[in-house]
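Single-structure report; data block below.
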Ligand SMILES: NC(=O)c1ccc[n+]([C@@H]2O[C@H](COP(=O)([O-])OP(=O)(O)OC[C@H]3O[C@@H](n4cnc5c(N)ncnc54)[C@H](OP(=O)(O)O)[C@@H]3O)[C@@H](O)[C@H]2O)c1
């Protein structure tokens, strides 16, 4: 099976965009960032099932300055807010808190809050720029419950396909036919990466 044939068809990818974009207010670009095997494995035992240093470095470089939206379990697995970015954590626990993060009671509230935050990389110089050009993107960074809820709200998908049959207990299913690849780069396994990978930048069709 090729990496691009890995994912199931899901009806919920048909959802309409969320309230913020419908209202016409300026919103941040919304980008899903995920690493998955061809079978859709994304996690194991509350952590990532692989060590991919190059992918982590790309994640750091490309999300720097922006806003990260994540589920509470993913936040727990990281253990702290990542520097240089705003973090919005989604939880149903009304008494949950952590230093340096914004808490949201659900996925759509998280996007609303992310749109209103000032991100570290937002341009202070507004001259000649549209709102959406001076605002860093929102990166939806997992886990599975948050991807499933927010994929329909996102315009771009940065997918690292981990070319391995490694098993795990958290899976992502998505409809790849709704996305068009605009960039694909292959990386062999090596000192930096435990397994070979393919990085795909995809835009919504
Ligand atoms: N490969 C990758 O790119 C990648 C990326 C991120 C994470 N992961 C992996 O994925 C796994 C974690 O994913 P997961 O799906 O188990 O957990 P998750 O999505 O990170 O977090 C789930 C939690 O988010 C909150 N939540 C989710 N939907 C909600 C809603 N509609 N309303 C309110 N709160 C909601 C709940 O928190 P409360 O229980 O506090 O209410 C829920 O328990 C880990 O193994 C992690 O390492 C992999």
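The values are calculated or read from the model by the stated rules, or taken from the named source; none is laboratory data. These numbers were taken from a predicted model, which means no experiment stands behind them. Quick reminder, even Gly has a Cβ in these numbers, built from the backbone with ideal geometry, and neighbours come from all protein chains shown.
Check the stretch 82-101 and report whether any residue there is near the ligand (Cβ under 8 Å from one of its atoms) and within 22 Å of residue 173 (Cβ to Cβ). Yes.
Could you identify the single residue in 122, 76, 55 that is buried (at least 16 other Cβ atoms within 10 Å of the Cβ), out of contact with any helix residue (DSSP H, G or I) (no Cβ under 9 Å at 6 or more places or on another chain) and under 28 Å from residue 191 (Cα atoms)?
On the way: 122 fails: under 28 Å from residue 191 (Cα atoms); 76 fails: buried (at least 16 other Cβ atoms within 10 Å of the Cβ).
Of 122, 76, 55, the one residue that is buried (at least 16 other Cβ atoms within 10 Å of the Cβ), out of contact with any helix residue (DSSP H, G or I) (no Cβ under 9 Å at 6 or more places or on another chain) and under 28 Å from residue 191 (Cα atoms) is 55.
Of all residue pairs spaced 6 or more apart or on separate chains, those with beta-carbon atoms under 6 Å, a first member in the stretch 36-49 that is within 17 Å of residue 146 (Cβ to Cβ) and assigned to a loop (DSSP other than H, G, I, E, B) and a second member that is more than 7 Å from the ligand (Cβ to nearest atom) and modelled with pLDDT of 95 or more are 40/171; 40/172. For the stretch 59-74, the candidate set comprises residues that are within 13 Å of the chain's Cα centre (by Cα), assigned to a helix (DSSP H, G or I) and in contact (Cβ under 8 Å) with a residue 24 or more places away in the chain; within that set, the residue that is farthest from residue 199 (Cα to Cα) is 74.
When the stretch 79-97 is limited to residues that are closer than 16 Å to residue 120 by Cβ and more than 16 Å from the chain's Cα centre (by Cα), the one that is surrounded by the most Cβ atoms within 10 Å (Cβ to Cβ) turns out to be 84.
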